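J.: Have a look at this one before I ask anything.
The values are calculated or read from the model by the stated rules, or taken from the named source; none is laboratory data. What you are looking at is a predicted structure, and each value in this text was computed from that prediction instead of being measured. FYI the Cβ positions are ideal-geometry reconstructions off the backbone, even for glycines, and counts take in every protein chain you see.
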Amino acid sequence: MSSYDVIIIGSGPGGYVCAIRCAQLGLKTACVEGRETLGGTCLNVGCIPSKALLHATHMLHEAEHNFADMGLKGKSPSVDWTQMQAYKDKTIGQNTSGIEYLFKKNKIDWLKGWGSIPEAGKVKVGDEVHEAKSIVVATGSDVATLPGVEIDEKIVVSSTGALSLGKVPKRLAVIGAGVIGLEMGSVYRRLGSEVTVIEYLDHVTPGMDGEVQKTFQKLLKKQGLNFVLGAAVEKVDATKTKAKVTYTSRKDDSEATVEADVVLVATGRKPYTEGLGLDALGVKTTDRGVIETDGEWKTSVDGVYAIGDCISGPMLAHKAEDEGMAVAEVIAGKHGHVNYGVIPSVIYTHPEVAAVGETEEALKEAGRAYKAGKFSFMGNGRAKANFAADGFVKILADKETDRILGAHIVGPMAGDLIHEICVAMEFGAAAEDVAMTCHAHPTYSEAVREAALACGDGPIHM
Ligand SMILES: Cc1cc2nc3c(=O)[nH]c(=O)nc-3n(C[C@H](O)[C@H](O)[C@H](O)COP(=O)(O)OP(=O)(O)OC[C@H]3O[C@@H](n4cnc5c(N)ncnc54)[C@H](O)[C@@H]3O)c2cc1C
């Protein structure tokens, strides 16, 4: 039996970041991971592989659509799917082995196997029981499917199967117009699949700003994605080679079907806590299996903490990472803090979509007086040169104080641009603070400044 100050169960962005920070703070640390490689969902079957495929297929799109106009003539590249998969797998390997290196560097023990908590202060991995003053549950999430839809990871796939299909399907049906569905839908559309996205709500990207939803859907439609909105999927009938999705229109109850060679179920994820023994231990969870925690990520059992996708809040890698660092500080007797009001969310399609803070809909519902400053990428020189002028930046600020309340971007590098606003919001900045900051020319970031100017006396280039 080994004794540790902290044992973390799960090595995703929440778990591995927590382990590194614990070690940096001088705590004897171990991390339990049942997968063959470290890094969790994010590095193995989530953020990293999906971004590799998005990058490769975006390059293909550029070559097919924009190269000739820039005077780059010649044969368009053809797709070698096996090589693209190898590139994706190599990227995963580089990232997961990077975490292994960081564990060694920080003297963190990787306890290989599936862990459980037989009692407070103890973690069982295989036949071995280890002692820990503090235990952090960072076991992440798993795919949530719909009743009547069985995932076989061949014809009816989750995001995991969609990342590693044997071949590019001729027809792909995607159930769910959220981030994962639209990212993977974009990947296969660019590779030539006929993509139909079926969504229960009347709009894409639930929870995002309404104007963003409309613009984004229009742009994706222009790229060739088909949308069936307001449709409740009833069942998926699969054979060995294809599948049929049956749905009911929420408007008039009529039934219709979509046939596809592959169906991607992208209807969300649920906390993964199987086999941990939480019930017997007395750790409280909600009826949806979410582990309940207080403001210091403490569960209902002393010495047991939880972070990341298995607790409440957005299921995002950077939210898990921030909680991982903060809970390490708490365990080390310091102050850990996560500002849940400033967590950006990004969709890595082209154009990208990024958001932070309040939406216009939420501000209206709260009866809050606000102003919106908007600037189109059509007025941004760099975006025009780069064939990336679709979309806009919108900044929402308090009508009286000018303090920034939120920002929404559809456009090139939106996922990077949003962080200027995140920092501004962390510092309680006004839109005028961003507007008065010199921004290099020509950069996409000038569109952020122009949107901030639009909150005041008006933008220059519009
Ligand atoms: C296709 C896809 C794309 C995504 N893209 C993005 C993105 O671009 N940006 C973003 O922010 N988020 C993205 N996400 C979400 C992101 O992956 C998660 O929010 C993030 O991984 C959560 O981190 P975590 O540490 O809570 O858990 P996870 O990353 O899920 O890691 C949990 C780990 O715990 C291990 N584990 C579970 N139980 C046990 C046990 N009993 N014993 C030992 N080990 C155990 C699991 O094997 C797993 O490795 C994506 C997700 C998917 C599926």
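J.: Being more than 28 Å from Thr205 (Cα to Cα), in contact with a Cys (Cβ under 8 Å, 6 or more places away or on another chain) and among the small types (Gly, Ala, Ser) is the filter; apply it to the stretch 323-339 and report the residue that is farthest from the ligand (Cβ to nearest atom).
T.: Going residue by residue through the stretch 323-339, those that are more than 28 Å from Thr205 (Cα to Cα) are 325-337.
Next, from what is left, pick out any that are in contact with a Cys (Cβ under 8 Å, 6 or more places away or on another chain): 325, 327-328, 331-332.
After this cut, where a residue has to be among the small types (Gly, Ala, Ser) as well, the list is 328, 332.
Numbers: Ala328: 13, Ala332: 19 Å.
The residue in question is Ala332.
J.: Any chance the stretch 388-411 includes a residue that's surrounded by fewer than 19 Cβ atoms within 10 Å (Cβ to Cβ) and within 25 Å of Glu183 (Cα to Cα)?
T.: There is no residue in the stretch 388-411 that is surrounded by fewer than 19 Cβ atoms within 10 Å (Cβ to Cβ) and within 25 Å of Glu183 (Cα to Cα).
J.: With the requirement that a residue be in a strand (DSSP E or B) and either free of Cβ contacts under 8 Å to residues at least 24 places away in the same chain or more than 14 Å from the ligand (Cβ to nearest atom) (or both), what does the stretch 78-128 give you?
T.: So the first thing to find is which residues in the stretch 78-128 are in a strand (DSSP E or B), and the list is 109-112, 115-119, 122-125, 128.
Scanning the stretch 78-128 gives Glu119, Lys122, Lys124.
J.: If you don't mind, there's one more thing I want to ask. Is it the case that Ile347 is within 9 Å of the ligand (Cβ to nearest atom) and crowded, with 19+ Cβ neighbours inside 10 Å? Break it down into steps so the answer makes sense when it comes.
T.: Working: within 9 Å of the ligand (Cβ to nearest atom): yes; crowded, with 19+ Cβ neighbours inside 10 Å: yes.
So Ile347 passes the test.
J.: Moving on. Do any helices (runs of 4 or more DSSP H) entirely within the stretch 374-443 hold 1 or more residues that are under 26 Å from the mean Cα position of the chain (by Cα), and if so, which? Talk me through it step by step, then tell me what you get.
T.: Details: elements: 381-385, 414-426, 431-435.
Passing ranges, in order: 381-385, 414-426.
J.: Please specify each residue of the stretch 86-122 satisfying the condition of being of a type in the set (S, T, N, Q) and buried (at least 18 other Cβ atoms within 10 Å of the Cβ).
T.: Correct list: Thr91, Asn95, Thr96, Ser116.
J.: Looking at Gly308, Gly333, can you tell me which residue is assigned by TED's automatic domain parsing to the domain that holds Gly26 and surrounded by fewer than 21 Cβ atoms within 10 Å (Cβ to Cβ)?
T.: Details: Gly308 fails: surrounded by fewer than 21 Cβ atoms within 10 Å (Cβ to Cβ).
Unique residue meeting the criteria: Gly333.
J.: If you don't mind, another one. Go over the candidates Ser249, Ser300 one by one and state the one that is surrounded by fewer than 20 Cβ atoms within 10 Å (Cβ to Cβ) and more than 28 Å from Pro169 (Cβ to Cβ).
T.: Ser300
J.: Report, ordered by the first and then the second residue, all pairs with beta carbons closer than 6 Å, sequence separation of six or more or different chains, a first member in the stretch 196-210 that is of a type in the set (Ser, Thr, Tyr), and a second member that is buried (at least 24 other Cβ atoms within 10 Å of the Cβ).
T.: Thr196/Ala173
J.: Within the stretch 271-322, count every residue that is within 12 Å of the ligand (Cβ to nearest atom) and more than 21 Å from Asp142 (Cβ to Cβ).
T.: Final tally of qualifying residues: 1.
J.: Limited to the stretch 1-47, what total is found for residues that are surrounded by fewer than 23 Cβ atoms within 10 Å (Cβ to Cβ) and near the ligand (Cβ under 8 Å from one of its atoms)?
T.: 5
J.: Okay, moving on. Quickly run through the stretch 163-214 and pick out the residues that are out of contact with any helix residue (DSSP H, G or I) (no Cβ under 6 Å at 6 or more places or on another chain), assigned to a helix (DSSP H, G or I) and surrounded by fewer than 20 Cβ atoms within 10 Å (Cβ to Cβ).
T.: Glu211, Lys214
J.: Condition (residue is within 20 Å of Glu358 (Cα to Cα) and not assigned by TED's automatic domain parsing to the domain that holds Ala388) applied to the stretch 217-237: is it met by at least one residue? Steps first, answer last, please.
T.: Looking only at the stretch 217-237, we keep the residues that are within 20 Å of Glu358 (Cα to Cα), and these are none.
Among the residues of the stretch 217-237, not one is within 20 Å of Glu358 (Cα to Cα) and not assigned by TED's automatic domain parsing to the domain that holds Ala388, which makes the answer no.
J.: Is it true that some residue in the stretch 66-77 is over 28 Å from Tyr4 (Cβ atoms), within 16 Å of the ligand (Cβ to nearest atom) and surrounded by 14 or more Cβ atoms within 10 Å (Cβ to Cβ)?
T.: Keep residues of the stretch 66-77 that are over 28 Å from Tyr4 (Cβ atoms), which gives 66-77.
Next, from what is left, pick out any that are within 16 Å of the ligand (Cβ to nearest atom): none.
Looking for residues that are over 28 Å from Tyr4 (Cβ atoms), within 16 Å of the ligand (Cβ to nearest atom) and surrounded by 14 or more Cβ atoms within 10 Å (Cβ to Cβ), one finds none in the stretch 66-77, hence no.
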